[in-house]
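Peer 1: Below are the structure tokens for one structure; questions will follow.
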Amino acid sequence: MARPGPPNPSPTLTRITKAVLMAYMRAFHDFRIIGMEHVPPEPPVLCITNHVSLLDVLAFGLTDPYSGSILVAKAELLRIPVVKQVLRGWGVIPVSRDGQDLSALRDIRRRLNEGRLVALASEGTRNRQGILGETNPVLARLAMSIDAPILPIVAVGTYRSLPPGAFLPKRGPVRVNIGPTFSLRELRSRPKAEATEDARRIIRDRLLALLPPPERERSLAATPSAATS
């Protein structure tokens, strides 16, 4: 079940936190953001991402140009040092591990209607193989139902720097690639099952296009049941 997220800190604290984390990411990961021209001038925006490492949270948080944005994340992440602070600075809708919370879906719609960016992983969880797996069908149906533009974003290099199970990140380049916005509204008139499968494919294809060829090929070669957690 979704639980109320922690209150956002002051804008000053958020700016300080982002400045410190940006300094770390640039010094240790040569952090770069590619494709900022695709980000709409103002929200609402539904941001759909890959998720292969806890370092993604920092990378995506530093990419966000808006204030009042919201990340949909497992409630367990609020117990991890540093990650917890980033989430508190960004704003979070905590969800249970299965990602099926109806209250969370209602909260996502409400936040979008408020004119915010809401970001969530396409698989609904972290992929432990470091690839892009199949799109969560609940997310696909949500994406079809909204009018806000959908913004695809992937983090590259985070899995190598901080794979699942690692305690401290290793030095290594991290990039965030942003693609053009798109909409799935045209699928609403189709039969539900067929439209959901098309939406899942379109979302995954948009994210795959942003991955470097080696990661893209590994993701395409993987089975739909790629391990996640």
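Peer 1: Subtracting the Cα-Cα distance from 0.36 nm times the residue separation, let me have the gained length for residue 183 to residue 205 in nm, one decimal.
Peer 2: Residue separation times 0.36 nm, minus the Cα-Cα distance, leaves 6.6 nm.
Peer 1: Across all directions of projection, what mean area in square nanometres is found for the Cα convex hull of the stretch 155-229?
Peer 2: Orientation-averaged projected area of the Cα hull: 6.6 nm².
Peer 1: Something else about it: For a label point 7 angstrom out from the Cα of residue 67 toward its Cβ, which stretches of the stretch 111-152 have the backbone nitrogen within less than 20 Å?
Peer 2: 111-119
Peer 1: Among the aspartates and glutamates, which have Cα under 19 Å from the Cα of residue 74 when same-chain residues fewer than 8 positions away are ignored?
Peer 2: 56, 98, 101, 107, 123, 134
Peer 1: Something else about it: Does the stretch 96-226 come out rounded, prolate or oblate, given a ≥ b ≥ c as the square roots of the eigenvalues of its C-alpha gyration tensor, rounded meaning a/c under 1.5 and, failing that, prolate meaning a/b above b/c?
Peer 2: Note, shape of the stretch 96-226 comes out prolate.
Peer 1: In what sequence do 110, 216 fall when counting other Cβ within 10 Å, fewest first?
Peer 2: Ranked by crowding around the Cβ, least crowded first: 110, 216.
Peer 1: Within a 10 angstrom radius of the beta carbon, how do 60, 167, 31 rank from fewest other beta carbons to most?
Peer 2: If I rank by nearby Cβ atoms, fewest first, I get 167, 31, 60.
Peer 1: Would you order 29, 38 from fewest to most other beta-carbon atoms within 10 Å of each residue's own beta-carbon?
Peer 2: Arranged by neighbour count, lowest to highest, 29, 38 become 38, 29.
Peer 1: When a/c reaches 1.5 or more, the comparison of a/b and b/c decides; with that in mind, is the stretch 134-182 rounded, prolate or oblate per its Cα gyration tensor?
Peer 2: oblate
Peer 1: Once label points are set 7 Å from the Cα along Cα→Cβ at both residue 218 and residue 167, what is their separation, rounded to one decimal in nm?
Peer 2: 2.5
No lab work stands behind these numbers, since they all come straight from the coordinates. Because the structure is a prediction, the values reported are computed rather than measured. So basically every Cβ, Gly included, is an ideal-geometry build from the backbone, and we count neighbours across all protein chains shown.
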